[in-house]
Amino acid sequence: MLTELKVNEIRRNILERVAAPDWTWEEACEMGLMARNARDISNWIIGEVAMNIQIKWGEDRLGDFARLLGFKKKTLEQYRWVVSKFGDNYDPNYGLPWSYYRLAAGTDKPLETMDKFIDDHMTYQQAENFIKGLPAPEECNHDVEEISYMRCKKCNKVFPKI
């Protein structure tokens, strides 16, 4: 398959370069960032494909797709959810990892949240703290249930209350 050939060619080129005696720190960083960006964009692509699988063949086929890729269905559902929060025409900023987008997707305004992360040059920890300070997303209907349990005072094991 063409994609496997290109990916393997890139990998072979990298392995040749890291074996060279004049390999530099800058090259190592560039290679690492390239690999991370490739991983992050693959999450977007898989999310977009998963979204369209659901539209064309229904939710049931998503499990088949997950098994084919060696993922849990929940993982594909998360990728699909993140992609859906940003819309079909969104072009991710390749300088930020997928995890930032996953954080922003849980807000009422994912696009504005990502702009804030980018404009303020936030670290992931700063982005997490920023999200924690935001009000809960409006889409939640708070389906609350009361859970009663008993806890052992010695080992902290939890038991259902009868």
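If only the Cβ of Lys and Arg carry +1 and only the Cβ of Asp and Glu carry -1, the dipole of region 2-123 around its Cα centre is close to 640 debye.
3J(HN,Hα) couplings calculated from phi for region 101-114 with the Karplus curve 6.51 cos²θ - 1.76 cosθ + 1.60 (θ = phi - 60°) are, in sequence order, 5, 4, 4, 5, 4, x, 9, 5, 10, x, 5, 5, 5, 5 Hz; Gly and Pro show x. Under 5 Å between amide hydrogens, built in the peptide plane, is the criterion, and for G106 it picks out nothing among residues at least 5 positions away or on other chains. By the beta-carbon count within 10 Å of each Cβ, the least crowded to most crowded order of E59, E48, fewest first, is E59, E48. Please report how far the C-alpha centroid of region 43-82 lies from that of region 92-135, rounded to the nearest whole angstrom. Region 43-82 and region 92-135 have Cα centres separated by 23 Å.
Taking all Cα pairs closer than 8 Å and separated by 6 or more residues, the relative contact order of region 2-123 comes to 21 percent. For region 2-123, the direction-averaged projected area of the alpha-carbon convex hull comes to 9.5 nm². Quick check: net charge around S42, other residues with Cβ under 11 Å of its Cβ, Lys/Arg +1 and Asp/Glu -1? Its environment carries a net charge of 0. Sequentially through region 75-88, phi angles give Karplus couplings (6.51, -1.76, 1.60; θ = phi - 60°) of 4, 5, 4, 5, 4, 4, 4, 4, 4, 5, 6, 9, x, 4 Hz, Gly and Pro residues having no value and appearing as x.
A dipole drawn for region 2-123 from +1 and -1 charges on Cβ atoms has a positive end, and of A20, L62, Y90 the residue lying farthest that way is L62.
Values in this text are rule-based calculations from the coordinates and carry no lab data. None of the values given here were measured: they were computed from a predicted structure. Note: ideal-geometry Cβ built from the backbone for every residue, glycine included; neighbour counts use all protein chains shown.
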